[in-house]
Amino acid sequence: MRIVFMGSPEFAVPALRKLVENGYEIVAVVTQPDKPAGRGRQMTRPAIKHAAQSLGLPVLQPASLKQLDIVQKLRSLRPDAIVVAAFGMFLPREILEIPPLKCLNIHPSLLPKYRGASPIAYAILDGCTETGVSLTIMEQRMDAGPILAQRKMAVLPDDTEESLSARLAGMGADLLIETLPRWARGEIVPQPQDESQATFTKLIAREQGRIDWRQSADEIGRRCRAFHPWPGCYTCWDGKLLKLREVLPFPDWEGPAVPGQVIVLAELPPLGFDGKSSVAVATGKGALVLLKVQLEGRREVPIPEFLRGQRGFAGAVLV
């Protein structure tokens with residue numbers, strides 16, 4: 001079977017590797033153009049480009065899929081199917097109509113819930129205990145096509161966007177390999193999505209990482225996990241940004257502190273580092289225990305090390 005694969009981030013890599021391992025002919029890998037990243041703004045290739053090159057696969061990086069030349073190129077490749085995983089661009093009708101086995105999308109949610117750009121982060125933000133992956137036939141409406149297969153996965157209490165994404169990527173790759181032959185043999189009847197159950201997600205913006213200490217400890221804890229590694233959650237201390245790299249909600253704490261006030265919780269266990277007291281921040285409901293932080297311009301450190309250099313931190317009010 002001839003496959004054009006479309007993807008960009010690390011989430012797409014397991015599916016591409018599984019297709020190659022199972023003998024599918026990858027006639028092209030389409031991904032987004034290299035982009036500047038990091039402090040030095042050096043041009044960085046997408047993760048799927050790195051994987052494709054390591055596998056010796058041809059790579060296409062169009063600036064747009066609406067260009068006539070890329071549509072003609074894809075037609076000339078005569079793919080039986082186009083497999084898409086976190087590609088990041090809309091596929092125009094001209095491309096959707098190319099392969100006889102359709103354009104198939106690996107989406108990390110149990111559709112119709114969490115359509116759109118950030119399904120994994122939103123599942124964590126909403127406190128879901130279960131999510132999964134869906135393999136769908138692509139339509140011009142985002143993530144609205146009929147479903148070929150789905151598989152469920154538990155969301156673990158300490159899952160971050162990064163850890164959950166990695167597990168879902170592996171599950172999606174396995175589901176694709178199990179489903180693709182059955183779809184080619186005509187053994188699957190696509191199931192339409194229930195539009196009344198559809199929910200939608202948007203791209204995460206950097207400013208969403210700013211903490212509102214009036215929220216509950218559980219809510220803030222979920223935000224810190226949903227936004228790890230990007231954009232991360234942050235607050236302000238002594239005129240500088242303070243990133244919260246690892247936290248633990250303590251929802252049952254009650255005390256006189258105002259939201260945002262740094263407190264010492266002497267009755268908590270060590271929580272994995274030296275000392276008998278834990279530093280936390282009061283929230284609208286409960287407290288958020290700080291385990292690792294990173295002050296603007298400095299490296300990430302465990303909270304005991306941070307406290308040794310920031311003696312005025314205890315009792316301060318973060319904003």
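Shown for the stretch 21-70: the carbon plus sulfur share of the solvent-accessible area, taken with all protein chains present and a 1.4 angstrom probe, equals 50%.
Largest GNM mean-square fluctuation among Gly40, Gly309, Gly116, using the chain with Cα springs under 10 Å: Gly40. Here Glu162 and Arg185 are evaluated by their C-beta separation; at R0 = 25 Å the FRET efficiency comes out at 0.10. Sorting 23-30, 120-127 by average packing, meaning the other beta carbons within 10 Å per residue, from highest down gives 120-127, 23-30. Between the stretch 207-232 and the stretch 59-93, how many Å separate their Cα centres? Their Cα centres are 36 Å away from one another.
Given R0 = 30 Å, the distance between the Cβ atoms of Gln197 and Glu97 translates into a calculated FRET efficiency of 0.60. Residues of the stretch 175-207 with an amide N closer than 17 Å to a point placed 7 Å from the Cα of Glu21 along the Cα-to-Cβ direction: 175-181.
In terms of its alpha-carbon gyration tensor, the stretch 1-139 comes out oblate; a/c meets the 1.5 threshold, while b/c is at least as large as a/b.
Highest mobility in the GNM of the chain, judged by mean-square fluctuation with C-alpha springs under 10 Å and restricted to Gln191, Gln67, Gln42, is found for Gln42. Taking every DSSP bridge with both residues inside the stretch 1-147, close to 35 percent are antiparallel.
The values are calculated or read from the model by the stated rules, or taken from the named source; none is laboratory data. Bear in mind that the values here come from a model prediction, so they are computed numbers and not experimental data. A quick note on method: Cβ atoms are made from the backbone with ideal geometry, for glycine too, and the neighbour counts reach across all protein chains shown. Note: areas computed on protein heavy atoms with side chains; ligands, DNA, RNA excluded. Shrake-Rupley method; radii C 1.70, N 1.55, O 1.52, S 1.80 Å.
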